[in-house]
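Input: a single structure, listed below in structure tokens.
The values are calculated or read from the model by the stated rules, or taken from the named source; none is laboratory data. Not measured: the values here are computed from a predicted model. Here the Cβ positions follow ideal geometry from the backbone for every residue, glycine too, while neighbour counts run over all protein chains shown. The protein model used for the area step is the full one, side chains on, heavy atoms only, and it has no ligands, DNA or RNA in it. Shrake-Rupley method; radii C 1.70, N 1.55, O 1.52, S 1.80 Å.
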Amino acid sequence: RAKALGKARYHVFNPEMHHEATQLLELENDLRRAVERQEFIVYYQPIISLVTGKISGLEALVRWQHPNHGLISPTEFIPVAEETGLIHAINIWVLRSACEQLTIWQNHNSTLKSLTISVNLSVRLFSHPKLLAQIDQIIQETKINPACLEIEITESVIMENSQALKKILEQLRERKIKLVMDDFGTGYSSLSYLYSFPFNVLKIDQSFVKRMHENEESMGLVPAVLGIAKSMGMSAIAEGVETTFQLAQLKNLNCNFAQGYLFSRPLQPELVLDFITNSPQW
Ligand code: C2E
Ligand code: MG
Ligand code: MG
Ligand code: MG
């Protein structure tokens, strides 16, 4: 819903769109109130190492607990949050929650010292002059090891504002924070950008994983993308892994990590330690 409304904003206004425009305004107001009242919740999806077969980290995925509409997906409200600038407050809140949560898990179980937490940051945040200071403050206050923090940025939007972005990414790397290029293969960036931006990890978009069909010889583009990651000295995560067939193929292809409904849906934080204890060795 919000996505369609978000687009409507850019059209020339006409009477038919009055309703949509009103709805968008309502959504914006709702979102503003949601930020004030902290109506968000972070779910965590396990990321599995295909070398050990065990969990290596978790990706933080935000949801909006709307008082009337229930749980709202980030694909619905993140675009509106980005347009209105509310994304900064929301995303910093997610980052802080995720770091706090990781510290809680690690304090609870001393074998989890190298467990990582991945947070999606909207590229919009990188034009904010206080971003680095805020990240530093969160690291300090939550006492998280920065080497356990991974920041995911979606490929399709990376190229806007590239010089400034590059500089901040380098500063994040100096802090030992890892950088993940999310949804790799879906954007408009050319391969040469991989050389200019200091990413550690390529996350293969789920659309490529979906095309690893059973009973077909073709693995689609996944082997090619894994080859790119390898030749760049980057590790690779396959996202959207739903079948044991996909898992077996990814292992054969030496993909480093995998994430998807096969292992677990995004979990409420209370369920994560249980998952870690009880999940099989994949
Ligand atoms: P993403 O970062 O690429 O996250 C992967 C999405 O795929 C998540 O959707 C996840 O729940 C879903 N997914 C995971 N495994 C499977 C699977 O096996 N099959 C299928 N069909 N889907 C799977 P979700 O949670 O709805 O998030 C959607 C997008 O919203 C994320 O894509 C990310 O771009 C954005 N997002 C989520 N949280 C945040 C946030 O805190 N800040 C920002 N800026 N964006 C966020
Ligand atoms: Mg992501
Ligand atoms: Mg992704
Ligand atoms: Mg995505």
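Annotations for the structure displayed:
- Pairing residues of region 87-102 that are free of Cβ contacts under 8 Å to residues at least 40 places away in the same chain with residues that are in a helix (DSSP H, G or I) and open to solvent by less than 10 Å² (accessible area, probe 1.4 Å), at Cβ distances under 6 Å and at least 6 apart in sequence or on separate chains, gives Ile87/Ala81; Asn91/Leu125.
- Selection within region 140-197: residues that are within 14 Å of ligand 3 (Cβ to nearest atom) and either open to solvent by 70 Å² or more (accessible area, probe 1.4 Å) or assigned to a helix (DSSP H, G or I) (or both). The member of this set that is modelled with the lowest pLDDT is Val157.
- Residue identified as within 16 Å of ligand 3 (Cβ to nearest atom) and touching a Leu at 6+ places or on another chain (Cβ under 8 Å) among Leu121, Leu125: Leu121
- Some residue of region 57-74 being in a helix (DSSP H, G or I) and either over 24 Å from Ser162 (Cα atoms) or away from ligand 1 (no atom under 14 Å from the Cβ) (or both): yes
- Among the helices (runs of 4 or more DSSP H) confined to region 200-274, there are none with at least 2 residues that are surrounded by fewer than 22 Cβ atoms within 10 Å (Cβ to Cβ) and among the charged types (D, E, K, R).
- Only a single criterion out of (1) over 21 Å from Ser264 (Cα atoms); (2) within 16 Å of ligand 4 (Cβ to nearest atom) is not satisfied by Ala89, namely (2).
- Evaluation of Ala133 against (1) hydrophobic (A, V, I, L, M, F, W, C); (2) over 30 Å from Tyr261 (Cβ atoms); (3) touching a residue at least 12 places away in the same chain (Cβ under 8 Å) (one fails), failing number: (3)
Here is a yes/no grid of residues against (1) of a type in the set (Gly, Ala, Ser); (2) open to solvent by less than 20 Å² (accessible area, probe 1.4 Å):
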| position | (1), (2) |
| --- | --- |
| Glu83 | no, no |
| Ile87 | no, yes |
| Asn91 | no, yes |
| Leu95 | no, yes |
| Ala98 | yes, yes |
| Gln101 | no, no |
| Trp105 | no, yes |
| Lys113 | no, no |
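- Residue within region 259-282 that is more than 16 Å from ligand 3 (Cβ to nearest atom) and more than 23 Å from Lys54 (Cβ to Cβ) present: no
- Sole residue being open to solvent by less than 50 Å² (accessible area, probe 1.4 Å), within 30 Å of Val241 (Cα to Cα), free of Cβ contacts under 8 Å to residues at least 24 places away in the same chain and within 16 Å of ligand 2 (Cβ to nearest atom), chosen from Ser56, Ser73: Ser73
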